[in-house]
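One structure below.
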Amino acid sequence: MPTAAADPNDLTKNISLPSETLKREKIQRLPQLDFLRGVAILLVLLSHQVYQPPSGAMKQFAEVLHVFGQTGVDLFFVLSGFLVGSLLLSEILKTKDLRIGNFLIRRGMKIWPGYYVFIAVAFVHRLWHHEDTLRSATARMWPLVFNLQNYLGPFDVVGHCWSLAVEEHFYLILPLLFAFLCRAKIRRISFESMPKILIGIILTCIALRFVVAWNIGQLNPWLKFTTHSRMDALFLGVLVAYFYKMQPNWFATLKRHNTAIVCVGMLLLSLRIFTPESNAMMWSVNVVATYLGHALCLVYLLQVEPGVGLVGNLLRSNLCKLLCFVGLYSYSIYLWHFEFVGPFVMYRLLQFIPDPFKFFLGMFVYIVGAIIFGVIAAKLIEQPMLRIRERVFPSTI
């Protein structure tokens, strides 16, 4: 059983690397993650509805979908934390170091091309269709260029981009934290301390959110969208990645409790539906329950082997393959759905759909249209840049 080097300043000092860990270093893509990404983007689309029934049972049904659909962003956060944490941990395990520059460039070449093309198109769109002046459009859009929109707005246009700012800030914070621990000269700081550090960050974010909620008493953008109020979900994903990558034998023991894990996860997620978000404090409780629930569902699915057992066979089904396909393009779908596809369906197509069918048919057209638009945008913008990335800045793992 190989072990890490005995350098006292080495981040991986005294960490045992069983064969299962080394095997996981070769895994390029987990279908479970693409499946959950597909679920996450569908939840987001259901939340950003193009039509709301005026009254009756359909109105209540739409409201439930809207409220629960908001949890899609929390699921994206947990998945992003798990993915980025796994990438960084894999590099540390292999090289005993962390090349921050290479990581940031590779991440940027994945995120920025589509993002900045989207900003440019949205800017022109505001000048053309919203009768903004050049000055007013620039004033509203410039925070997005620097990923400050979750602090400075705008919250009324391209409002869904707040979550992208949170993730961008996280992409800077996490590798810097890992790099510090890699190179720290303080002997007491070692890899074994990482879970405590991550839990400390999570608890600090929760405490900050509750302090703000207690003082303002109502929801506002500063509480809902800012990085320090929402990045605990991302760091929980990193915590799952730590145990998955570094303690695989312990992680595997959770499989005996998989049924309990997924049941508790679903129960926590259900609180978002049945507990009204009547004030900021209640919303803060719901956020914690939501990302904990998603994390438990992630832990559950990581224990499922595709093609083995009922759930494993479901992961090989055509429906799940479709969700995995949607998950593969979820970032591009997320970028373009809110500002362009949704309004087009809402203001151009719904008028041709009879009232009894507006919600279901309108949502169907909207979801399918968002997926098609996102896939096309990804193939035209993101994928060519990713091919360049792999040639110029290859992965170190």
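The values are calculated or read from the model by the stated rules, or taken from the named source; none is laboratory data. Please read these numbers as outputs of a predicted model, since none were measured by experiment. Don't worry about glycine lacking a Cβ; one is built from the backbone with ideal geometry, like all the others, and counts go over all protein chains shown. Areas reflect the complete protein model, heavy atoms only, side chains present, ligands, DNA and RNA absent. Shrake-Rupley method; radii C 1.70, N 1.55, O 1.52, S 1.80 Å.
General remarks:
- Qualifying residue in the range 62-75 (condition: over 25 Å from Gly265 (Cβ atoms) and among the polar types (S, T, N, Q)): no
- Scan of the range 150-165 for residues that are farther than 13 Å from Ile111 by Cα, touching a Ser or Thr at 6+ places or on another chain (Cβ under 9 Å) and buried (at least 20 other Cβ atoms within 10 Å of the Cβ), ordered by number: Asn150, Trp162
- Pair list, Cβ under 8 Å, 6 or more apart: the range 295-312 residue in contact (Cβ under 8 Å) with a residue 24 or more places away in the chain and among the aliphatic types (A, V, I, L, M), other residue open to solvent by less than 40 Å² (accessible area, probe 1.4 Å) and not in a helix (DSSP H, G or I): Leu302/Leu30
- Any chance Ser55 is open to solvent by 10 Å² or more (accessible area, probe 1.4 Å), at pLDDT 50 or above and over 21 Å from Ala179 (Cα atoms): yes
- Whenever a residue of the range 36-51 is aromatic (Phe, Trp, Tyr), its partners that are in a helix (DSSP H, G or I), lying with C-beta atoms within less than 6 angstrom and at least six residues away or across chains, give the pairs Tyr51/Leu350; Tyr51/Lys358; Tyr51/Phe359; Tyr51/Gly362.
- Ser193 being hydroxyl-bearing (Ser, Thr, Tyr), surrounded by fewer than 17 Cβ atoms within 10 Å (Cβ to Cβ) and touching a helix residue (DSSP H, G or I) at 6+ places or on another chain (Cβ under 9 Å): yes
- Residues located in the range 166-184, provided they are open to solvent by 10 Å² or more (accessible area, probe 1.4 Å) and under 14 Å from Asp97 (Cα atoms): Leu176, Leu177, Phe180, Cys182, Arg183
- Residue within the range 248-261 that is in contact with a helix residue (DSSP H, G or I) (Cβ under 7 Å, 6 or more places away or on another chain), open to solvent by less than 10 Å² (accessible area, probe 1.4 Å), over 25 Å from His169 (Cα atoms) and not aliphatic (A, V, I, L, M) present: yes
- Test: residue in the range 123-138 that is β-branched (Val, Ile, Thr) and touching a residue at least 24 places away in the same chain (Cβ under 8 Å): no
- Residue, surrounded by the fewest Cβ atoms within 10 Å (Cβ to Cβ), within the range 209-229, restricted to residues that are more than 21 Å from the chain's Cα centre (by Cα) and either part of a helix (DSSP H, G or I) or basic (Lys, Arg) (or both): Asn215
- Test: residue in the range 288-307 that is closer than 23 Å to Phe76 by Cα, acidic (Asp, Glu) and either surrounded by fewer than 16 Cβ atoms within 10 Å (Cβ to Cβ) or out of contact with any Gly (no Cβ under 9 Å at 6 or more places or on another chain) (or both): yes
- Restricting the range 65-105 to residues that are under 17 Å from Tyr334 (Cβ atoms) and of a type in the set (S, T, N, Q), the residue that is surrounded by the fewest Cβ atoms within 10 Å (Cβ to Cβ): Gln70
- Which listed residue is open to solvent by 80 Å² or more (accessible area, probe 1.4 Å), farther than 27 Å from Lys255 by Cβ and under 18 Å from the mean Cα position of the chain (by Cα), from Phe325, Phe338, Phe352: Phe325
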